[in-house]
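Working notes, beginning with the structure itself.
Throughout, read-outs are computed from the coordinates displayed, never taken from laboratory work. These numbers come from a predicted model, not from an experiment. Note that each Cβ is placed from the backbone with ideal geometry, even for glycine, and that neighbours are counted across all protein chains shown.
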Amino acid sequence: MALPPVKLLRPNALQIDADTPCVLEVNIPITLPHRLDPSLPAPPYHNRDGGLPAEDFRDFNAMPLARALLAQVVSRMFGSEYTGAIVGVDARRATAPDSDHGPFDFLLVVSWECDAVTDKRSFDFPAGRWTDMYGKEGHGTIHAFMEVPDLDWIEVYHAFKYYLVRGPWEPGTLEEMNPRVLRFDVVEGSVIGLQGPVIFGDLRRGGFT
């Protein structure tokens with residue numbers, strides 16, 4: 001199915017060239033992939049009792065659609081002529097793929113927006129309540145969670161997190177260069193019955209265009 005277009009809210013003060021080393025952090029709500037593509041499984045995702053490994057769990061439920069959205073984010077940010085390739089990497093490795101890459105390519109690193117619940121007694125799925133490892137209480141519908149037997153805790157997932165990294169891919173080099181880091185979240189209410197675009201914005205900053 002054809003995806004709706006992506007609209008990007010860019011801060012007015014943002015100064016970044018098409019070839020500037022940068023990190024784009026894109027957070028896709030757990031509920032969004034199925035809303036845009038009903039062929040993907042619908043939440044809630046429980047992944048209880050072992051289930052899929054965390055990486056497969058994410059890739060199965062979101063990755064096909066996420067790649068298309070990420071490509072649109074890059075295109076809206078820099079223009080289609082500077083999009084380059086989005087090159088995947090295993091999140092469990094710190095190094096980039098061995099293949100060559102161009103100056104406008106983005107390295108895709110995948111992660112989660114989640115809370116770690118170390119006190120399982122505080123986790124109440126039906127009531128939508130939990131307390132994270134820092135003692136902060138959470139409330140609301142739990143769309144996805146996974147038990148982590150090796151660590152004896154539960155992870156409550158809020159968003160599929162993707163980092164698009166452009167610049168040197170060697171470990172530690174980006175920190176030395178202090179690249180621009182932009183976080184883009186879906187603007188609430190931008191997807192209603194698949195009408196209109198999916199809007200991403202750097203919600204920490206004001207003065208959008």
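Observations on the structure shown:
- Summing Lys and Arg as +1 and Asp and Glu as -1 over all other residues whose Cβ lies under 10 Å from the Cβ of Val26 gives a net charge of 0.
- Net +/- balance of residues flanking Thr131 in space, Cβ distance below 11 Å, scoring K and R +1, D and E -1: -1
- Environment charge at Pro64 (Cβ cut-off 12 Å; Lys +1, Arg +1, Asp -1, Glu -1): 0
- By the rule of a C-alpha distance below 28 Å, with chain neighbours fewer than 8 residues away ignored, the lysines paired with Lys120 are Lys136, Lys161.
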